[in-house]
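Worksheet: the structure to be examined is printed underneath.
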Amino acid sequence: MAELIALYVCGVVALLAAVRCLAEKETYLKLPYLNVMNFAVAGIIVLLIDHPLSLLAGIAYFVGSTLEANAIASAKAGGVKHD
C-alpha cells in the first residue's frame, strides 16, 4: 500500500511539473520544472518495474534527461564562448 502512495505522489508531481513546464513561456524558467518532472518520472520507473535493474533504468533516464536539459540551457544561452 505504501508503495502505491509513493507512486501516486510521483505521478501527481510529474503531472503538475509538466503542466507548469507547458504553461511557462520563458525557457530558462521551464528548466527547473523539467528537472522536477525528470525526478518524478525516474521515481515512477523505479516503483513500477519490479526488477533489480529498475534502479539502473531510473538512473539512466534521469542522467540522460538532465544532460538534455543542460544542453538546451547551454544552447539557449549562446553555447560555449571562446576568447
* Asked: Name the pairs whose Cβ atoms lie under 9 Å apart, with the first residue in region 6-25 and within 19 Å of residue 65 (Cα to Cα) and open to solvent by 70 Å² or more (accessible area, probe 1.4 Å), the second in a helix (DSSP H, G or I) and among the charged types (D, E, K, R), and 6 or more positions between them or separate chains?
  -> 20/30; 22/30
* Just wondering, is there one or more residues in region 63-77 that are buried (at least 17 other Cβ atoms within 10 Å of the Cβ) and under 20 Å from residue 3 (Cα atoms)? -> no
* Restricting attention to region 36-43, does a residue exist that is of a type outside the set (D, E, K, R), in a helix (DSSP H, G or I), surrounded by fewer than 15 Cβ atoms within 10 Å (Cβ to Cβ) and out of contact with any Pro (no Cβ under 6 Å at 6 or more places or on another chain)? -> no
* To do: Being more than 15 Å from residue 45 (Cα to Cα) and either part of a helix (DSSP H, G or I) or under 11 Å from the mean Cα position of the chain (by Cα) (or both) is the filter here, so list the residues in region 1-21 that pass it.
  => 2, 16, 17, 18, 19, 20, 21
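The values are calculated or read from the model by the stated rules, or taken from the named source; none is laboratory data. The shown structure was predicted, so the numbers you read here are calculated from the model rather than taken from an experiment. Neighbour counts run over all protein chains shown; Cβ positions are idealised from the backbone, glycine included. To get the accessible areas, we keep the full protein, side chains included, count just its heavy atoms, and leave off ligands, DNA and RNA. Shrake-Rupley method; radii C 1.70, N 1.55, O 1.52, S 1.80 Å.
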